Structure formats: C-alpha cells, structure tokens
C-alpha cells in the first residue's frame with residue numbers, strides 16, 4: 001500500500017513539474033514607479049492617499065513590448081480608477097478586490113482598443129498602502 005501511494009506521489013510530482021503543466025509563455029510587466037494618488041476621504045479636512053505596486057500578468061511574453069509602449073496610458077487609467085474610490089473601498093479587503101477587478105477590466109478594454117488584443121491575464125497588487 002505504501003509503495004502504491006509513494007508511486008502515485010512520484011507520478012503526480014512528475015506530471016506537475018513537466019513543462020506543459022504550466023503556462024510557459026506568461027510574462028509579467030511592472031508599472032513603475034508605484035502608483036501614488038489621492039482617494040475620496042470621508043473626512044473633508046483630510047486627504048487620503050494610496051500607494052500601490054502593480055504587476056500585470058500578460059498572456060504572452062510577446063506582449064511585453066506593447067505593454068511597455070502603452071505604460072503611460074496604463075498608469076493614467078489606474079490612477080484614475082483609484083482616484084474615484086471612496087475611503088471605505090480603499091481600506092476594505094473586498095473593496096481592494098473590487099478595485100483590482102475594475103483595473104483588470106479597464107486595462108483589458110484599453111489594450112483591446114489600442115492593440116486588438118486584451119493581453120492582460122491578471123492585475124496583481126504586490127504592495128498596497130493607504131493613509132487617510
């Protein structure tokens with residue numbers, strides 16, 4: 001019984017480590033520098049700000065050049081999205097996920113309009129700081 005279980009574990013590890021098990025052509029593009037912008041604070045006498053490091057997961061390494069070319073437009077769009085958010089959205093975990101999805105949707109539409117390909121698989125916030 002132990003040998004069968006060990007054999008199954010070995011076979012599973014071999015299958016998962018094979019090159020075809022994972023997308024080999026996925027690439028990442030970081031929007032640099034970090035996105036730093038204000039958001040709508042509930043306290044009118046205080047300005048809230050958010051600082052986010054964003055990585056874009058591209059469906060192919062061949063899209064890196066297009067992402068780099070359109071980086072200013074991608075940055076401006078994400079800054080605009082964050083600037084429209086309420087303090088509650090920025091500070092809550094569910095709000096953060098909603099913002100991430102909004103960024104993904106908007107950036108996909110933008111790249112589809114500019115290049116003919118959505119190309120962005122995901123938007124990843126690797127750093128997320130706020131004060132307000």
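Since every read-out is calculated from the coordinates, none of them should be taken as a lab result. Keep in mind that this is a model prediction, so the values were computed, not measured.
Quick notes
- At q = 0.19, 0.24 Å⁻¹ the log10 of I(q)/I(0) for the stretch 25-131 amounts to -0.89, -1.31, computed by Debye summation with a single uniform scatterer per C-alpha, solvent ignored.
- Cα centroid separation, the stretch 71-91 to the stretch 98-127 (Å): 13
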